[in-house]
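The values are calculated or read from the model by the stated rules, or taken from the named source; none is laboratory data. What you see is a predicted model; the values in this text were computed from it and never measured. Heads up, the Cβs are rebuilt from the backbone with ideal geometry, glycines too, and the neighbour counts pull from every protein chain shown.
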């Protein structure tokens with residue numbers, strides 16, 4: 001109760017509501033009583049703060065009222081953005097958002113495009129190079145001169161084939177009567193096709209069957225110098241071959257000498273799951289196209305055809321069963337009905353060197369112009 | 001000359017919380033501040049906030065004894081608003097180069113420093129009063145802010161007599177002072 005009275009007095013003093021004599025008395029009290037003095041100082045500060053608070057609150061509410069009034073009276077144009085101003089306002093406000101959205105859209109587009117590019121199958125020609133050797137003219141002329149010199153040396157009566165080869169690949173005999181198999185991409189652009197064996201002898205051949213889809217071509221030797229061979233030491237395998245089975249190839253990537261290569265069957269299908277072919281791991285170069293792929297029994301399991309440009313050591317071979325298909329197609333023509341293919345190899349069980357020794361005479365370089 | 005006098009009258013009116021004077025200043029300056037804010041990444045609501053805070057700064061300046069405005073109200077208002085808005089943009093990490101404008105600006109650092117101090121005090125008092133709870137809050141507001149007499153308060157709040165109301169008000173005031181001064185001392189020692 002006492003405290004209430006004291007505070008009341010202090011407040012009256014601060015507000016200046018005291019009579020002069022009362023005020024004098026109170027000021028004397030302040031001087032003698034430190035506690036009262038302290039209370040006066042503290043309470044003055046407090047009341048100041050409180051008044052300040054009150055004034056600010058009142059001003060704020062006045063300002064808010066005014067804002068509403070003035071807007072209603074149209075004296076200030078708050079929130080009344082129209083036409084261009086509105087567009088400018090919206091643009092200014094949302095341009096950051098728009099910019100971010102546009103960036104995200106852009107990045108997404110680019111990412112999707114890249115993904116699509118990455119995931120979608122490419123045209124095979126882009127990634128896979130046909131291993132046909134496009135010999136340049138200079139090489140061809142040199143070769144031609146070499147042949148001429150050879151012929152002169154041997155005093156051979158055989159006419160020199162003097163057309164420069166534009167394409168060369170490899171082919172192999174499948175029937176001793178003079179039938180060979182190669183890739184259709186080796187011969188498809190050539191008017192005249194020749195083959196040359198390991199000893200340098202050349203024979204003229206005719207393309208009798210050309211399957212561009214399967215990339216298999218059958219050639220027939222039509223040259224008087226060719227003597228039919230009674231027996232071919234290797235067979236053509238009809239069944240599929242297992243992964244990891246060791247294989248070897250023979251071909252003419254070097255333009256003059258037969259080249260041996262070995263590896264293994266790495267996948268049962270070809271490029272991007274192509275069921276026509278299979279993937280093998282072997283060193284292959286332009287010129288190997290059309291060459292035979294043998295398994296360890298000396299059976300032909302495929303025709304070496306393409307290699308993936310972007311991957312090292314991924315080479316594809318046409319599965320050997322398509323040789324049979326091609327022959328069946330060819331047999332529809334009555335003049336070719338006598339073709340006969342071995343399915344078993346006589347070199348089976350021999351070691352690799354002996355096998356190759358026996359086989360190499362039946363593998364030819366195929367040249368086209 | 002007449003304009004200077006006119007502005008002086010306006011500021012005196014503002015200091016006295018004269019509604020007409022406030023309205024006049026409001027009407028003459030709001031659009032300028034609104035375009036400043038809106039042209040610099042703000043909304044109409046931001047503009048209203050900034051302008052009203054500027055009005056409070058102007059009011060505080062008008063109220064202070066050492067009041068002497070040595071530029072036009074318009075320039076002062078623009079300078080304050082610009083600084084306040086830049087500061088808010090910085091706090092929101094949306095800083096843009098507001099300020100490339102034709103309007104003249106005057107240095108307002110002192111005013112804003114004082115304003116911030118008063119802002120902090122205002123918030124302390126607001127917090128303290130909000131902490132009180134009812135009926136203390138209304139009681140204190142009625143007596144100290146609305147300056148009602150104890151008799152009116154007793155009638156309004158249903159106390160049997162003014163003496164009871166006074167007792168109650170005393171208890172509330174003691175609590176409020178305790179809360180406020182705790183914060184005030186903490187705030188001062190922190191800051």
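Taking every residue in region A:70-81 that is within 7 Å of another protein chain (Cβ to nearest Cβ) and pairing it with any residue that is at pLDDT below 75 and surrounded by fewer than 16 Cβ atoms within 10 Å (Cβ to Cβ), at least 6 positions away or on another chain, yields no pair with a Cβ-Cβ distance below 6 Å.
Would you be able to say whether some residue in region A:309-331 is in contact with a helix residue (DSSP H, G or I) (Cβ under 6 Å, 6 or more places away or on another chain) and assigned to a loop (DSSP other than H, G, I, E, B)? Yes, region A:309-331 has at least one match.
Here A:249, A:241 are screened, and the one residue that is part of a loop (DSSP other than H, G, I, E, B), in contact with a strand residue (DSSP E or B) (Cβ under 9 Å, 6 or more places away or on another chain) and in the same structural domain as residue A:186 (by TED's automatic domain parsing) is A:241.
Residue-wise test of (1) in contact with a helix residue (DSSP H, G or I) (Cβ under 6 Å, 6 or more places away or on another chain); (2) at pLDDT 90 or above; (3) closer than 20 Å to residue A:361 by Cα.
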{"site": "A:129", "(1), (2), (3)": "no, no, no"}
{"site": "A:143", "(1), (2), (3)": "no, no, no"}
{"site": "A:153", "(1), (2), (3)": "no, no, no"}
{"site": "A:161", "(1), (2), (3)": "no, no, no"}
{"site": "A:164", "(1), (2), (3)": "yes, no, no"}
{"site": "A:181", "(1), (2), (3)": "yes, yes, yes"}
{"site": "A:194", "(1), (2), (3)": "no, no, yes"}
{"site": "A:197", "(1), (2), (3)": "no, no, yes"}
{"site": "A:210", "(1), (2), (3)": "yes, no, no"}
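Check whether at least one residue in region A:283-301 is surrounded by fewer than 17 Cβ atoms within 10 Å (Cβ to Cβ) and part of a strand (DSSP E or B), and report yes or no. No: zero hits.
The rows are residues; the columns are (1) part of a helix (DSSP H, G or I); (2) modelled with pLDDT under 70; (3) within 30 Å of residue B:125 (Cβ to Cβ).
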position	(1), (2), (3)
A:55	yes, no, yes
A:58	yes, no, yes
A:66	yes, no, yes
A:78	no, yes, yes
A:88	yes, yes, no
A:92	yes, yes, no
A:95	yes, no, no
A:110	yes, no, no
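Taking the numbered list (1) touching a residue at least 40 places away in the same chain (Cβ under 8 Å); (2) within 26 Å of residue A:6 (Cβ to Cβ) in turn, residue B:163 passes all entries but (1).
Do we have any residue at all in region A:261-270 that's over 15 Å from residue A:360 (Cα atoms) and either touching a helix residue (DSSP H, G or I) at 6+ places or on another chain (Cβ under 6 Å) or touching a residue at least 60 places away in the same chain (Cβ under 8 Å) (or both)? Checked region A:261-270: no residue is over 15 Å from residue A:360 (Cα atoms) and either touching a helix residue (DSSP H, G or I) at 6+ places or on another chain (Cβ under 6 Å) or touching a residue at least 60 places away in the same chain (Cβ under 8 Å) (or both).
Matching residues to (1) away from every other protein chain (no Cβ under 11 Å); (2) modelled with pLDDT under 85; (3) within 25 Å of residue A:10 (Cα to Cα); (4) out of contact with any strand residue (DSSP E or B) (no Cβ under 8 Å at 6 or more places or on another chain):
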| position | (1), (2), (3), (4) |
| --- | --- |
| B:114 | yes, yes, no, yes |
| B:123 | no, no, no, yes |
| B:126 | no, no, yes, yes |
| B:146 | no, yes, yes, yes |
| B:158 | yes, yes, no, yes |
| B:166 | no, yes, yes, yes |
| B:185 | yes, yes, yes, yes |
